[in-house]
Amino acid sequence: MNTGHPPPDALEPDRADPQVMSAAADIILKFNSQEPGAVDLCQKYWLVINPPHFHYAIEQLANEFGLDVKAIHKVVGHYCTAAGEHTHCGNCGKAIIYRNRTTYKQVKSYLLSDWICRDCFVKSG
């Protein structure tokens, strides 16, 4: 059955030294798989060197993991969820979910006041 995701063995990268996320990154990863290649891809995708800048370019990850550039976001979204460690809704306290790097960059670059989740924003409208 084709699930639209590469088989786990397709996610095996060339082995590299593991990277530890910076505490300043404000990202906690929740993994939907313990498959080493998937975990490695997710960790590298979300690895921040200096907020809001990422350590690895998408093209680098695509080459390393043998995936199409367009597939990287979909695969990462399938195998993990990135939530804010310190960024929570100012009303209800729910952690922000970073859907992709663009969301993360927008929040880190432009968030000048408390972040409000969609549910609380709709309720206040």
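Read the figures in this text as sums done on the coordinates, not as results from a lab. Just so it is clear, the model here is predicted, and its values are computed rather than measured. Because the Cβ atoms are built from the backbone with ideal geometry, glycine has one as well, and the counts that use them run over all protein chains shown.
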Worksheet entry | Extension gain, I97 back to H78 (0.36 nm per residue minus Cα-Cα distance, nm) | 5.5 nm
Discussion item. Using a Förster radius of 22 Å, what is the FRET efficiency between E35 and A57 based on their Cβ-Cβ separation? Nearest 0.05, please.
Written reply: 0.45
Fill in: Inter-probe distance in nm under a simple model that places probes 7 Å from Cα toward Cβ, at D119 and K70
3.4 nm
Practice prompt. Eight or more residues apart or on different chains, and alpha-carbon atoms under 28 Å: count the Lys pairs in the stretch 20-124 matching that.
Written response: 22
Fill in: Estimated dipole of the stretch 20-124 in Debye, rounded to 20 [Cβ of Lys and Arg +1, of Asp and Glu -1, Cα centre]
360 debye
Worksheet entry | Length-normalised contact order of the stretch 20-124 in % [C-alpha pairs under 8 Å, at least 6 apart] | 27 percent
